[in-house]
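All of the numbers you see were taken from the coordinates with simple rules; none came from a lab. Computed from a prediction, not measured in an experiment: that's the story for all the values here. Don't worry about glycine lacking a Cβ; one is built from the backbone with ideal geometry, like all the others, and counts go over all protein chains shown.
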Amino acid sequence: MIYLDAAATTAVRREVLEAMWPYLTGEFGNPSSHHTLGKSAADALAVARASVAKDLGCRASEVTFTGGGTEADNLAIKGIALAQPRGKHIVTTAIEHEAVLESCDYLQRIHGFEITILSVDRYGMVDLGQVSAAIRPDTTLVTVMLANNEVGTIQPIAEIAAVARKLGVPAHTDAVQGAGALDLNIATLGVDALSLSGHKIGAPKGIGVLFAKGRLQLEPVMHGGGQERGKRSGTENVAGAVGLATALRLASQDRAERMARLTEVRDELIHGVLSAVPTAILTGHPQKRLPGSASFCFPGTSGEAVLLYLEERGIVCSSGSACAAGSDEPSHVLVAMGVEPAVAQTAVRFTLTEGTTLDEIRDVVSAVRNGVDDVRAIAR
């Protein structure tokens, strides 16, 4: 099998499993318990929190463990919006993950917030001037993703955060897809809040992180025992936190060299597909894209039919966001970029792992060419 759906999920790394194992077996205590097993779990949680903080360049007290990236986005957006007295206006973009868009929609429907959804250009890029123009005296949050999960476009988050900061507005970024590939240092990005998910970087599903600046007030969206300094109630997933911290540390090591190699393999895929299928359309920014991301539209085909052809030949990829799998609607990301809905439904997304080889890419390109030809022939 050639697995090219890393944006959906990744396999758990062996080192991560080994780090987690003690806290799934002998050291299984509840970190809130006041006995030896509980203290061991609490100590492991503290070490994991400090490790994540070191990789992000923030204080350990600014790290909150969540049940995943979706929960981290919900806590950031709802938590900041409901705790801030500034006003009831949020600025976001048309290409955000559903976790962001649905959180904004909830605030609009239930709490009377006004949401400004910024458009993007044909590459999926947000215009800084639009961000500045959209911020008002009653704006309580600007939330823009670091890198898009469908087309891989990387946003100028440091510049966006600087605009928001100058106008006194907190900035949040969904960095789920950027983890492991991009610099997540908080000082570099300049954001007030940042969301991560473990299963995109070799940790298990069901664990995420929210960084929120210490001065930033958060209204919790889950209530109960007051864990995570009152920001996220619920017994902490100690093994998951240890796993995420281990995966993030490993992903940070030699990142520049590893991503340079991945970019080389990705570019071979892009060149090969565009040469083999001259009518193919590369979506996303041609340069400012994630190292392992390449998404195409194949006009005159069905994206699902091409996917099925590839899967029958051992090549696993997707048509876009895994969270929208099974939907008959065209990708909201591609439509926002100006792609015609009928063309958007021909999309196929390839997201590479660090183990993807050039030989595998050559096999993929050949299969894509044959698959597109076969699907178009059937459609005639």
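Worth pointing out:
- Chain lengthening between Ser119 and Arg261 when straightened (0.36 nm per residue, less Cα-Cα): 47.9 nm
- Dipole magnitude for segment 40-157: computed about the Cα centre from +1 point charges on Lys and Arg Cβ and -1 point charges on Asp and Glu Cβ, it is near 360 debye.
- Relative contact order %, segment 10-62, counting alpha carbon pairs below 8 Å whose residues are six or more apart: 18
- Beta bridge orientation in the chain: antiparallel %, DSSP, nearest 5: 55
- Shown is the FRET efficiency for Arg362 and Ser33, computed with R0 = 41 Å from the Cβ-Cβ distance and rounded to the nearest 0.05: 0.15.
- Which of Leu17, Leu210, Leu262 has the fewest Cβ neighbours within 10 Å, and the rest in rising order: Leu17, Leu262, Leu210
- For the chain, the relative contact order comes to 22 percent (Cα pairs under 8 Å, sequence separation of at least 6).
- Computed magnitude of the charge dipole of the chain (debye, nearest 20; Cβ of K, R +1, Cβ of D, E -1): 1020
- Helix 358-379 axis, angle to the chain major axis (alpha carbon atoms, nearest 10°): 60
- Nearest-ten-degree value, helix 255-276 long axis tilted from longest Cα axis of the chain: 30
- Taking a ≥ b ≥ c as the square roots of the eigenvalues of the Cα gyration tensor, segment 140-232 is oblate, since a/c reaches 1.5 or more and a/b is not larger than b/c.
- Cα gyration tensor, segment 191-294 - rounded (a/c under 1.5), prolate or oblate: prolate
- Helix-derived mean residue ellipticity, 222 nm - over the chain, DSSP H n ≥ 4, -39500 (n - 2.57), to 500: -13000 deg cm²/dmol
- Lys/Arg +1, Asp/Glu -1 at C-beta; segment 14-252 dipole; positive extreme among Ala251, Ile117, Ser32: Ser32
- Fewest-first ranking of Ile117, Ile135, Ile95, Ile157, using other Cβ atoms within 10 Å as the exposure measure: Ile117, Ile135, Ile157, Ile95
- For segment 193-329, size of Cβ-based charge dipole, Lys and Arg +1, Asp and Glu -1, in debye: 740
- Tilt relative to the chain, helix 14-24 - C-alpha long axis, 0 to 90 degrees, to 10: 40
- Computed over all pairs of different Cα atoms, the Kirkwood value for the hydrodynamic radius of the chain is 21.4 Å.
- Given Lys88/Lys213; Lys166/Lys205; Lys39/Lys200; Lys78/Lys166; Lys205/Lys231, the pairs whose alpha carbons are separated by over 26 Å: Lys166/Lys205; Lys39/Lys200
- Segment 1-120 shape via C-alpha gyration tensor axes, a/c threshold 1.5: oblate
- For Ile207, residues with placed amide H under 5 Å, excluding near neighbours: Gly198, His199
- At 0.890 mPa s and 25 °C, Stokes D of segment 241-380 from Kirkwood alpha-carbon radius, µm² per second: 154
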